[in-house]
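Below is one structure, written out as structure tokens, with a few remarks after it.
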Amino acid sequence: MAVLICGGAGYIGSHSVKYFLERGEDVVVLDNLLTGHRSAVPESVPFYEADVRDARAMDAVFAAHPIEAVIHFCACSLVGESVEEPLKYFNNNVYGMQVLMESMVRAGVTRLVFSSSAAVYGEPERVPIREEDETVPTNPYGESKLMMERMMRWVGQRHGIRYVSLRYFNVAGAWEDGSIGEDHRNETHLVPIILQVPLKQRSHLTVFGDDYPTPDGSCIRDYVHVKDLADAHLLALNYLRNGGESEIFNLGSGEGYSVKEMLTAARAATGQDIPVRIGPRRVGDPARLVAESQRARRVLGWMPRITRMEDIIASAWNWHRSHPEGYGS
Ligand code: UFG
């Protein structure tokens, strides 16, 4: 039996494909390559360039392979863009989930692991954030992920699909040997942006606000290495294989790092001075987002391994300096 990885050519998807293959899993990948990269997926893996919203294509994949479970990474995931183009997010993310689940029901596939996001919580009522805390998204991206979770709950109940929803906090890093990594056309994430400075693609890092109510004034986030995230997906799949009930898990380290602390770690990891300027706050950024992720540790047995910020950034640096133009290098 095989695992269908939708969005397997993207950043987190491609690391998960590699991780699953190394652990002997049989994998099939589907990706529309709008933001994914064909070369991020090994040639030996069955690959379909298709969109989850294409019911015919989905049915054909389920007919061609004995699929036992789906790992669903496909989504538009830029917070700012989602405010500008909300319908794009509801169409791609929410409608995409609908078509995927319709096809799973037709094919009789009953296990689903889903990439959710800390964005479902919005401005947190308390930190660290627990899974049962209020979900009040502050942008269409977070709203779309919450709608996808709710769809899984209702459809799962009716059609016997069990799911695990993984609410990621901040994902960073790359495969340690530099073979695959993060490559977004319009980069917005902190770690790759910091590393553009030593790559000479950017003169300095702009810290978006240093007047937050945090010890050094810059925003605090909870960073997880992409390989530890991949591990959580495999653990979630095994949980479902062992009969586990549908469940939601936060995935974070439980430790918060400020933007300025990330900069210090990046200077140490690259051995380079990284000039910085303080800019205005970015609209919609909460001061502090840190996960309570004991549930994932207790129920799934998840234990993040790469937890030093310097190591996480060093792995990203290994990728970026060997691929300064990403997959186009
Ligand atoms: N930051 C800067 N300068 C930059 C880029 C980012 O100071 O040039 C700061 C941001 O203000 C923020 C921190 O670095 O405080 C991290 O920003 P990212 O854009 O890397 O990540 P976010 O925390 O904004 O976003 C993450 C995920 C989203 C998810 C969101 C949930 O990437 O998918 O958390 O709120 F929606």
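A few comments on the model shown:
- Yes/no for VAL52 being more than 16 Å from the ligand (Cβ to nearest atom), of a type in the set (A, V, I, L, M, F, W, C), crowded, with 19+ Cβ neighbours inside 10 Å and assigned to a loop (DSSP other than H, G, I, E, B): yes
- Subset of the stretch 150-170 (residues that are over 21 Å from ARG241 (Cβ atoms) and away from the ligand (no atom under 14 Å from the Cβ)): ARG150, MET151, TRP154, ARG158
Yes/no matrix, rows are residues, columns are (1) outside the structural domain of ARG23 (by TED's automatic domain parsing); (2) not in a loop (DSSP other than H, G, I, E, B):
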{"site": "TYR212", "(1), (2)": "yes, no"}
{"site": "LEU229", "(1), (2)": "no, yes"}
{"site": "ASN238", "(1), (2)": "no, yes"}
{"site": "ALA265", "(1), (2)": "yes, yes"}
{"site": "ALA269", "(1), (2)": "yes, yes"}
{"site": "ILE274", "(1), (2)": "yes, no"}
{"site": "VAL283", "(1), (2)": "yes, no"}
{"site": "PRO286", "(1), (2)": "yes, no"}
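Table: residues versus (1) out of contact with any strand residue (DSSP E or B) (no Cβ under 6 Å at 6 or more places or on another chain); (2) of a type in the set (Ser, Thr, Tyr); (3) touching a residue at least 40 places away in the same chain (Cβ under 8 Å); (4) farther than 28 Å from LYS88 by Cβ.
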position	(1), (2), (3), (4)
ILE5	no, no, yes, no
LYS18	yes, no, yes, yes
ASN32	yes, no, yes, no
VAL45	no, no, no, yes
TYR48	no, yes, no, no
ARG53	yes, no, yes, no
MET58	yes, no, yes, no
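- Of the residues making up the stretch 261-282, those that are touching a residue at least 60 places away in the same chain (Cβ under 8 Å) and not basic (Lys, Arg) are MET262, LEU263, ALA266, THR270, GLN272, ILE274, PRO275, VAL276, ILE278, GLY279, PRO280.
- The one condition from (1) within 11 Å of the ligand (Cβ to nearest atom); (2) at pLDDT 95 or above that PRO286 does not meet is (2).
- LEU87 being free of Cβ contacts under 8 Å to residues at least 24 places away in the same chain and either touching a strand residue (DSSP E or B) at 6+ places or on another chain (Cβ under 8 Å) or of a type in the set (A, V, I, L, M, F, W, C) (or both): yes
- Search result, residues across the stretch 260-282 that are within 10 Å of the ligand (Cβ to nearest atom) and hydrophobic (A, V, I, L, M, F, W, C): MET262, LEU263, VAL276, ILE278
- For the stretch 123-139, residues that are part of a loop (DSSP other than H, G, I, E, B) and touching a residue at least 60 places away in the same chain (Cβ under 8 Å) total 8.
- Hey, VAL207 under 17 Å from ILE306 (Cα atoms) and near the ligand (Cβ under 9 Å from one of its atoms) or not: no
- Members of the stretch 171-204 found to be surrounded by fewer than 19 Cβ atoms within 10 Å (Cβ to Cβ) and within 12 Å of the ligand (Cβ to nearest atom), listed by number: HIS184, ASN186, GLU187, THR188, HIS189, ILE193, GLN196, ARG202, HIS204
- Every residue from the stretch 190-201 that is in contact with a helix residue (DSSP H, G or I) (Cβ under 9 Å, 6 or more places away or on another chain) and closer than 19 Å to ARG282 by Cα: LEU190, VAL191, PRO192, ILE194
The values are calculated or read from the model by the stated rules, or taken from the named source; none is laboratory data. Just so it is clear, the model here is predicted, and its values are computed rather than measured. In this analysis, Cβ positions are derived from the backbone assuming ideal geometry, glycine residues included, and neighbour counts consider all displayed protein chains.
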